[in-house]
Amino acid sequence: MSPIVHFARWFGCVNAVVALASAAPLLFDLGTEDSDVWTGFTRVTSKSAWSAEAGFGWKSVTGLSARARAYKEPVANPRRGTIDPPAIWTNAITEDAVIGSGENAFLFRAPAGEYELYVVCGTSDSALRTQVFDFTVRVGAEQQRVQIEGCYQFRTLRFHVRAGGEPVAVAFAPRSKWIVNAILAWTPTEAAGVQRDIIAPFEEWTFRLPPAEWAKWKTDPPRPEPMPPVSATDEQRGFVVYQRHYLECVYPETRPRAEDLNPELRVFASPGEFATTNFVVLPLRAVRGATVRVSPLGPVAAQAIDIRHVRFMRARPNYTVQYRYRVVPDVLERFEAIDVLAGENARFWLTIPVPDDAPAGNYNGTITFRGDDGTATIPLRLRVLPIRLREDPAKIFGIYYRHPYDQMASAPDEVSKEYFRRKAELEHRDMVAHGTRNVVLSISARAADAQGSFAFNWDLLAAKLDLWKRHGFVGPVVLGIPTESIYEKYMKERPGSHLRGVKDPPEEFSTELTKLVRAIEAERGRRGWPEFLYYPVDEPSTDAVAVNFMTKVLKACKAAGVRTYVTADPTHDQFEPMRPYIDVWCTQPFAPDRETVLADMKARPVEYWCYPNHVNGENDHTPVTGARMTYGFGFWRSGFRTLIPWIYQASNGDPFNYLDGSTMDFFNRTEPDGTPIPVAMWEAYRQGYNDYRYLYTLEQKIGEAQRSASAAARQAAGAAEIELRSVWNAIRVQPKYKFDDLWSPEDFDAYRWIIAQQIMAVDAAFATK
């Protein structure tokens, strides 16, 4: 349907016939010659050169191409044996695009006057997953930069322009390549209709789900809470300010208690530590362009304090759930000014980096929230403690990781390669800042060919380990190996997820697997890399055939003289045949219990690691309190050596749509330029890690004081040990710390303060003459 006919039907003028020069809005769907076109739009392809007769087209068709990839039906997942939703659901606009590698412009003629433009950019084509689109769009005097990592993401841009005698030009200038799906233009009189009838349906489909799919999803009902009396000051300025502990989730409908109102924010921290606090604004009416500013805070410069807005997301209650969601606090996004809706909470999250050389003392500052009709000033207090926190060399804080270098290796141009290189650098810095210094890696290889070559990509692994070393990561390295590829060579099929369809392979399979591991070990030794823990299969099932296969696999690895790593629960009796060949048990819960773990590790060379997915990859990102307990006091109490959850980041479809695809997206998100965006649970990891450092520091201080010649130090150590034991006894030990039977959020800080006081008391005793 042409824009003219669409415009006529839009207003009920079924017999109207007008020339293009007088038609508005102007709607162009850019893509291939045979892909769908959104109703009412004009098709534009990579061959649509500008002509005065058509009134639209490309300034040049040189260097243009068009791609289409539609996702309209569920798809088979042979690895899991399931029928899954596609990664995204496409529509006529998002299923196709025109791509350019050089400067170009789309031209269209429009009657003289003011116009608003809407430009859609992105791709649904998974073949472009390593292409980073980096380009500038310019319309008149306005320009905007667009950066899109790979596929399944779409950006929408708005411009204002005045049309005159010459065609309107939408100009594209690439750093790598540019991409565009649709261009819309309309006059002020058409604005309301275009927004209602075209843009709103398009955005609901693109950034949520198609109408037919969306109708299947049901939301958990909100939990209304009573509202305390509102003061005259709050009524006049149009909002209420309150605080809840950052470990407590604040939902859109949460309401303050009387004691939460008009807070004074107080935090304590040691030099080199990141302190966290927050406040909440509940608008009584909509607030436009709200800003938050913070003053210097003693040794902490104002610009060093990171202020973020907590973005609400539609999330599944569990990562595989379909057709049920709720709205939860999740992404901590940067902002300059923000619009907040009447009656919906706006939470602001502050991260305060205390410098390594910060003098001990009490420091005061302020936070200013400014809305349309008023401001609020919130006192901010920081106490810097005279404590130097220590690291426990016997413990590892790690995480599973989808390494950007894997995408960099196959990226098609230098701009894309540099993006993934920078992304990996920024993510490693972020991990170090959160206490994480170990990631799971993999070796790119395949089953041996006729000449016995495994086609290892040593350079790629070397680059990953160089980055590892540069950021001070610690080993051993959990290394995934291509077991499936060797299995497929001999069995002519894949074993399936969790060894769902595995069969007993011939002895040649084991022989080749041993050769693979020996080849990797030889290269590791030549290059001086850290020890590798060999990770042949992820989460094998307890089925007897799977256990028999895993036993063979582990034997084959051990034959190469290495240590093995298995993600399985050692409390399952079915895994008993594997036990003699496992060097590292990595389990989801803290199970077995502490006494069993310590006894087993004392009796033989085995380690127990934990991948606590209940506070990462298997929830809706709300068990923030459980995350802090897992990473701090719970880890301390467990007897386990390592925490290594799945995963730093995983995206299935659109990384900001948790309802598309077969599973929900996790964990941290990414800004368009590759900068990490944290979620609240990631920040809770850091605070749990700091809890552990306080505990470990006190334990070390007590030991040093007990061995001291100072009577005062020994006496202080005795008192500190009693307090430490009381904290130990207060922990309600669980295999999984998530929501239930945990301390209150305030208790965490209280127990940390008890520990800090004892550290200072022991230090003071040492200083006594």
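The values are calculated or read from the model by the stated rules, or taken from the named source; none is laboratory data. The structure displayed is predicted, hence computed values, not measured ones. Backbone-built Cβ (ideal geometry, glycine too); neighbour counts: all protein chains shown. Heads up: the accessible areas ignore ligands, DNA and RNA and are worked out on the full protein's heavy atoms, side chains in. Shrake-Rupley method; radii C 1.70, N 1.55, O 1.52, S 1.80 Å.
Evaluated at q = 0.12, 0.14, 0.20, 0.28 Å⁻¹, the base-10 log of the normalised Debye intensity for the stretch 58-121, with identical point scatterers placed on the Cα atoms, takes the values -0.54, -0.66, -0.93, -1.19. Overall, the ratio between the Cα radius of gyration of the stretch 203-353 and 2.2 N^0.38 Å, rounded to two decimals, is 1.19. Tilt of helix 745-767 relative to the longest C-alpha principal axis of the chain, in degrees (0 to 90, nearest 10)? The helix 745-767 is inclined about 50 degrees to the chain.
Put simply, the stretch 636-769 fits an ellipsoid with semi-axes of 40, 16, 12 Å; these come from the alpha carbon gyration tensor as the roots of five times its eigenvalues, largest first. Note on the chain: antiparallel DSSP beta bridges, both residues inside, total approximately 75 percent of the bridges counted.
Computed from backbone phi, the HN-Hα couplings of the stretch 454-459 come to 8, 6, 5, 9, 5, 4 Hz, rounded to whole numbers (Karplus: 6.51 cos²θ - 1.76 cosθ + 1.60, θ = phi - 60°; Gly and Pro given as x). When the pairs K72/K417; K59/K177; K464/K492; K417/K738; K395/K552 are compared against a 28 Å limit on Cα-Cα distance, K72/K417; K464/K492; K417/K738; K395/K552 fall above it.
After finding the eigenvalues of the alpha carbon gyration tensor for the stretch 305-402, what semi-axes result from the square roots of 5 times each, listed largest first in whole Å?
Values: eigenvalues 196, 154, 19 Å².
Those come to 31, 28, 10 Å.
So, for the chain, what is the accessible surface per residue at a probe of 1.4 Å, expressed in square angstrom? Mind showing how you got there, number by number?
Details: 31180 Å² over 769 residues.
Heavy-atom accessible area per residue stands at 41 Å².
Counting every pair of alpha carbons in the stretch 477-527, the share spaced more than 13 Å apart comes to 62 percent. Taking each residue as 0.36 nm, the span from R470 to Y323 lengthens on full extension beyond its C-alpha to C-alpha distance by 48.5 nm.
A cut-off of 5 Å between modelled amide H atoms, ignoring neighbours fewer than 5 places along the same chain, links N278 with L350. Dividing the radius of gyration of the alpha carbons in the stretch 608-678 by their Kirkwood radius gives 1.03 for Rg/Rh. Only DSSP H runs of four or more residues enter the estimate; each adds -39500 (n - 2.57), and after division by the residues of the chain the mean residue ellipticity at 222 nm equals -8500 deg cm²/dmol. Database remark: amide H of I99 closer than 5 angstrom to the amide H of S65, A66, R67 (H placed geometrically; neighbours at sequence offset of 5 or more, or on other chains; Pro and chain starts carry no H). Model label points for Q236 and T39, set 7 angstrom from Cα along the Cα-to-Cβ axis, are 5.3 nm apart. Sequence-distant contacts, meaning Cα pairs under 8 Å at least 6 residues apart, place the relative contact order of the chain at 11 percent.
So which GluC sites (Glu not before Pro) in the stretch 279-355 are both in a DSSP loop and have at most 13 other Cβ atoms within 10 Å of their Cβ? Within the stretch 279-355, the qualifying GluC sites (Glu not before Pro) (loop, at most 13 other Cβ atoms within 10 Å) are E336.
The peptide list 607-618, 133-144, 694-705, put in order of mean Cβ contacts within 10 Å with the highest first, becomes 607-618, 694-705, 133-144.
If you take the Cα centroid of the stretch 204-220 and the Cα centroid of the stretch 455-534, the two points sit 41 Å apart. Based on Cα atoms of the stretch 304-349, Rg over Rh with Rh as the Kirkwood radius reads 1.07. With the simple spin-label model, which puts each label point 7 Å out from Cα in the Cβ direction, the D459 to R494 separation comes to 2.8 nm. Taking 0.36 nm per residue of separation and subtracting the Cα-Cα distance, full extension of the segment from D747 to T375 would add 130.7 nm. As an equivalent ellipsoid, the chain spans semi-axes of 49, 38, 23 angstrom, where each value is the square root of five times an eigenvalue of the C-alpha gyration tensor, largest first.
Are there any chymotrypsin sites (Phe, Trp or Tyr not before Pro) in the stretch 89-128 that are in a DSSP loop and have at most 11 other Cβ atoms within 10 Å? List them by number. Walk me through the numbers before you get to the answer.
Values: sites: W89, F106, F108, Y115, Y118; in loops: W89.
Passing both the DSSP loop test and the Cβ count: no residue.
Working note: Karplus 6.51/-1.76/1.60 with θ = phi - 60° gives the stretch 396-408 the couplings 10, 10, x, 6, 5, 8, 8, 6, x, 5, 5, 6, 4 Hz, where Gly and Pro are set to x. Placing a pseudo-label 7 Å from each Cα along the Cα-to-Cβ vector at R79 and A215 gives an inter-label distance of 3.3 nm.
Working ranking of peptides 505-512, 282-289 by packing, defined as the average number of other Cβ atoms within 10 Å per residue, highest first, is 282-289, 505-512.
I need the Debye-formula profile for the stretch 488-570: one equal scatterer per C-alpha, no solvent, reported as log10 I(q)/I(0) at q = 0.11, 0.15 1/Å, two decimals. One equal scatterer on each Cα of the stretch 488-570 leads to -0.31, -0.56. Using the alpha carbons alone, the radius of gyration of the stretch 664-732 stands to its Kirkwood radius in an Rg to Rh ratio of 1.28. The angle between the Cα long axis of helix 711-730 and the longest principal axis of the Cα atoms of the chain comes to about 50 degrees, rounded to the nearest 10.
What full-extension length gain, to one decimal in nm, is calculated for D504 and A360 as 0.36 nm per residue of separation minus the Cα-Cα distance? Don't skip to the answer; put the middle values down first.
Numbers: separation 144, 0.36 × 144 = 51.84 nm, distance 6.43 nm.
Full-extension gain reported as 45.4 nm.
Distant-in-sequence amide contacts of S176, defined by a placed amide H-H separation under 5 Å and a gap of 5 or more residues or a different chain, comprise D134.
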